Amino acid sequence: MTDKRVILSDESSGKSVELPVIQGSEGEPTLSIKGVPGELGYFTYDPGFTATASCTSTITFIDGGKGILRYRGYPIEQLAEQSTFLEVAYLLLNGELPAAAEYDEFLNDITYHTMVHEKLNTFIKGFHYDAHPMAMMAGVVGSLAAFYHEKLDMKDPAARMLAAKRMIAKMPTIAAACYRHHMGWPTSYPLNRLGFTERFLHMMFSVPAEEYEVSEVAARAFDLLFILHADHEQNASTSTVRLVGSTGANPYACVAAGISALWGPAHGGANEAVLNMLEQIGSVANIPKFVEKAKDRDDPFRLMGFGHRVYRNYDPRASIIRDAAHEVLNELGTSDPLMELAMELEQVALKDEYFIEKKLYPNVDFYSGIIYKALGIPKSMFTVMFAIARTVGWVAHWLEHCDNPTPIGRPRQVYSGPAERKYVPLSQRD
Ligand code: SDX
């Protein structure tokens, strides 16, 4: 809290209320509006919470105007350049970068929780082969609570941290099992001698018939993509996890809810939607026609991978991923016409008055699909990749909520339905 006050007064009643100003360590000052209903008799209205802070958090800071993203104070550009996904996971969970011994212990903990109960693989085999993997992930992750029910002691911080590590460790195993079920391949098991991303790629693509050599380029690219997607403060899926957590639900239920929220094309589902959009545009010659469609309010077509609720400038992750996409394509010695198309589309949109005026820039999802495609990931699995990484942010925020709980989330509404009326028995209704 600061000693600044903002007075809100109601001319009609002459009443006024002092709104305390909260100033975080970074970011805009925020008004505490808790007193408004009691003092002034008004609720506040903010559909989509575009102007409302739901909690205080020490995990991630975003400055949408300056295109700044920091995990626990460390700029995303430095972490992308110098860190690893599991080191970033440790940082997001614990608030500090690990010392060598702490990092070794963390790697060991994650490595020795990668397996899932064999019955979970049976569960996965129950899905039809063409089930969307995000549908499978939401169902299977939620069912983890059925395997650890006696260990869901939420009051014990050590049990909470164990559940958090379990989620991080098991998501790649479950994701790979969903993919393999779709491909009709036998279950593969995590190889503990491999690193996190190598192990994931091996589980995804190894087949019994031959040795599978993990590509260094792919492992490095995934590690970078997982770092960039690990957390993003109170986005829709993380806010969902915190809201579900505020009811006291177990962490597996919270993360399953986060997976469902992430799936939407306006959120994590955008990376799959970008590839579909680029394939729909088809060629550079068609770009002007589709840009006009995106600008037409009566046309449902949107430039997927463009725009952001917070970034009114470039999403810092998008430029890092665009450069990585070039590197991956060069290192794999392949080219992708969709990459050229994406870059041309970006240039056209960034020069267009509509996008400039509405501050619509490429976001994290615009280029990521190009890399996933080059590394052999099918489109339907793109958002699953996002979920593997964002599990770190979800469980970090769940832990933070448990350590510093807000009251159960319960937004209000503006009721616009019918006033009270008398029930009419069926016999009297015409
Ligand atoms: C992610 O929150 C996070 O942090 C999310 C995320 C994370 O890491 O967790 O960053 C990940 O979800 C990135 C966003 C991925 N989604 C997409 O790329 C889908 C396409 N983008 C849009 O749907 C949209 O930009 C949102 C949903 C991302 C943001 O929407 P806002 O901020 O609520 O803005 P809006 O929908 O109110 O749009 C403002 C105006 C509107 O025009 P008007 O009604 O004012 O005339 O901009 C227009 C919109 O029509 N607009 C677009 C557009 N995005 C917004 N017009 C064309 N193409 C677009 N992509």
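Every number here is computed from the coordinates shown, using simple stated rules; none is lab data. Being a predicted model, the structure only gives us computed values, none of them experimental. Ideal geometry is used to build each Cβ from the backbone, glycine not excepted, and the neighbour counts take in all protein chains shown.
Between Thr2 and Leu426, with labels modelled 7 Å along Cα→Cβ, what's the label distance in nm to one decimal, could you check?
6.3
Using Cα-Cα distances under 8 Å and only pairs 6 or more residues apart, what relative contact order does the chain have, in percent? Mind showing how you got there, number by number?
Working: 575 pairs, mean separation 82.2, N = 430.
Reported relative contact order: 19 percent.
Evaluate the distance, in nm, between pseudo-label points positioned 7 Å from the Cα of Ala101 and of Ser32 along their respective Cα→Cβ axes.
Result: 4.1 nm between the two label points.
So which of Lys295/Lys358; Lys66/Lys293; Lys289/Lys379 end up more than 19 Å apart by C-alpha?
Over 19 Å apart, Cα to Cα: Lys66/Lys293; Lys289/Lys379.
Return one number: the angle in degrees, 0 to 90 and rounded to the nearest 10, between the long axis of the Cα atoms of helix 337-350 and the longest principal axis of the Cα atoms of the chain.
Once rounded, the angle reads 30 degrees.
Consider just the alpha-carbon atoms of segment 152-226 and return their Rg together with their Dmax, both in angstrom.
14.6, 47
Among Leu360, Leu40, Leu243, which one moves the most in a GNM of the chain with springs linking Cα atoms closer than 10 Å?
It is Leu40.
So between Asn108 and Glu39, what do we pick up on full extension, going 0.36 nm a residue minus the alpha carbon distance?
Net length gain for the segment: 19.4 nm.
Taking R0 as 60 Å, what's the FRET efficiency between Val207 and Arg412 from their Cβ-Cβ distance, rounded to 0.05?
0.65
Please state the relative contact order of segment 102-237 as a whole percent: Cα pairs under 8 Å, 6+ residues apart?
Relative CO of segment 102-237 lands at 25 percent.
Taking the 0 to 90 degree range and rounding to the nearest ten, how far is the long axis of helix 85-94 tilted relative to the main principal axis of the chain, both from C-alpha atoms?
With rounding to tens, the tilt is 30 degrees.
Compute the long axis of helix 157-183 from its Cα atoms, compare it with the longest principal axis of the Cα atoms of the chain, and write down the angle in degrees, 0 to 90, nearest 10.
Compared with the principal axis, the helix lies near 60 degrees.
What 222 nm value per residue comes from the helices of the chain, counting each DSSP H run with n ≥ 4 as -39,500 (n - 2.57) and dividing by all residues, nearest 500 deg cm²/dmol?
-15500 deg cm²/dmol
With a cut-off of 8 Å between alpha carbons and a minimum separation of six or more residues, what is the relative contact order of segment 1-77 in percent?
18
Rounded to a whole number, what is D in µm²/s for the chain from Stokes-Einstein with the Kirkwood radius over alpha-carbon pairs (25 °C, 0.890 mPa s)?
Translational diffusion coefficient: 104 µm²/s.
With a 10 Å radius around each residue's Cβ, average the other Cβ atoms per peptide and rank 65-78, 365-378, 244-257, 399-412, highest first.
365-378, 244-257, 65-78, 399-412
Could you calculate the FRET efficiency of Glu331 with Lys359 from 1/(1 + (r/R0)^6), where r is the beta carbon distance between them and R0 is 41 Å, rounded to 0.05?
Numbers: r = 34 Å, r/R0 = 0.82.
So, using R0 = 41 Å, E works out to roughly 0.75.
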